[in-house]
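Notes follow once the structure below has been shown.
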Amino acid sequence: MDPKNKMDGNSMLQMKRFGTLALVAALSFALVACGKSRTVKISASEVERSKTPAKLPAEIEKLWKNRHNEADLRQALVSLEQFANENPQFSDVKVLLCRGNYLMGDGHLWLKLTGDADADAAVKAESIKFYDAAVGWCEAALALNPKFRDKVVKDGIEVEKALDTLGPEDIDALYWRYASLGKWSRLSGFTTLLANRSKFTAMINRVKELEKDMGKEYFYAATLRYDAASNALSPTGDKKLADKYFEEAIKRHPNYFAVRVLYAESRLKGDEAKFKSQLDYVIKGNPKSLPELEPDQIVEQRKAKKLLEDI
């Protein structure tokens, strides 16, 4: 073969490979660009954040404490929304709305999933609406920080690029925005999830910085759970590292049921003994071991039972 022709053949092969890579990159960009988007709900209203928590009416308090019952949680969300609209200065009420909407999707509606695609489609569609509402209420809470609000509204800066303005008083809204946006993105499709990955990282990194500022971990090792779940659920994640993080989170807070349920669901379905061990612990545990989270713990017990039954 003529050396010149051989060189031309190699060059052509390299050009084809480059063209293939370019096509893959273009398709990847197109897929990300086609991901579902949502409108950020940061209001320009200059409401001053209350320095004291809200005093909720007794009937709303009762509904919230019974949020492990779907009907009570639905009514609590209606009542809390009315209270929040009438009293927009209370960040803590907005965070409750974020957490309540999240619980509807991650708890009560998740329990209705059957594995039948047609039946589950309506449940997932409703879940997406609740997660979107959760993100919106957390954004409304963040908007009570004037520096953050000015950067996003007046300067037009992207939310994730204005996180440096947030302080310890914003950590609840920041974390639950991440958690709700993550669930919304996953249900909205892979391209949406991929498009928002950098947002998740930015929010969690800021939570980690605020943890350092406060000198304590946040919400039962929340950032450690993020590191565990992100490795467990990502196709390119380090699964052994995920297991290590999950086990460390459980060691720190053995009676926080949600981490055991997440560990079993995301990593242990191939290990029947460990799978059953984690879920049995939840089912047999006392939800009152964390009194402030008793209703949420009860929901996690129901999720554990469902996972065992489905297996």
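The values are calculated or read from the model by the stated rules, or taken from the named source; none is laboratory data. None of the values given here were measured: they were computed from a predicted structure. Cβ sites come from the backbone with ideal geometry, for glycine too, and all protein chains shown count toward neighbours. SASA here: full protein model, heavy atoms, side chains in, ligands and nucleic acids out. Shrake-Rupley method; radii C 1.70, N 1.55, O 1.52, S 1.80 Å.
Annotations for the structure displayed:
- The stretch 261-286: number of residues that are outside any loop (DSSP other than H, G, I, E, B), open to solvent by less than 20 Å² (accessible area, probe 1.4 Å) and not aromatic (Phe, Trp, Tyr): 4
- Pairs linking a residue in the stretch 42-68 that is under 15 Å from LEU96 (Cα atoms) and without any contact (Cβ under 8 Å) to a residue 24 or more places away in the chain to a residue that is open to solvent by 50 Å² or more (accessible area, probe 1.4 Å) and polar (S, T, N, Q), with Cβ atoms under 6 Å and 6 or more positions apart or on different chains, are LEU63/GLN75.
- Test: residue in the stretch 85-92 that is part of a helix (DSSP H, G or I) and farther than 17 Å from ASP172 by Cβ: yes
- Residues of the stretch 190-218 that turn out to be surrounded by 18 or more Cβ atoms within 10 Å (Cβ to Cβ), out of contact with any Ser or Thr (no Cβ under 6 Å at 6 or more places or on another chain) and at pLDDT below 95, as a count: 1
- Considered as a group, the residues in the stretch 92-135 that are among the small types (Gly, Ala, Ser) and within 19 Å of the chain's Cα centre (by Cα) include one that is most open to solvent (accessible area, probe 1.4 Å), and that residue is ALA125.
- Residue in the stretch 147-159 that is of a type in the set (A, V, I, L, M, F, W, C), modelled with pLDDT of 95 or more and open to solvent by 50 Å² or more (accessible area, probe 1.4 Å) present: no
- From LYS154, LYS183, residue being in contact with a helix residue (DSSP H, G or I) (Cβ under 8 Å, 6 or more places away or on another chain) and either aromatic (Phe, Trp, Tyr) or on the phi < 0 side of the Ramachandran plot (or both): LYS183
- Among residues of the stretch 301-311 being free of Cβ contacts under 8 Å to residues at least 60 places away in the same chain and assigned to a helix (DSSP H, G or I), the one that is surrounded by the most Cβ atoms within 10 Å (Cβ to Cβ) is ALA304.
- Scanning the stretch 48-66 for residues that are closer than 28 Å to GLY167 by Cβ and either assigned to a loop (DSSP other than H, G, I, E, B) or β-branched (Val, Ile, Thr) (or both) turns up GLU48, ARG49, SER50, LYS51, THR52, PRO53, ALA54, LYS55, LEU56, ILE60.
- Condition check for TYR256: of a type in the set (Ser, Thr, Tyr), out of contact with any Phe, Trp or Tyr (no Cβ under 8 Å at 6 or more places or on another chain) and closer than 22 Å to ILE171 by Cβ: no
- Residue check for GLY237: farther than 18 Å from GLY105 by Cα, open to solvent by less than 40 Å² (accessible area, probe 1.4 Å) and not in a helix (DSSP H, G or I): yes
- Inside the stretch 138-147, residues that are touching a residue at least 60 places away in the same chain (Cβ under 8 Å) and part of a helix (DSSP H, G or I) make up a count of 4.
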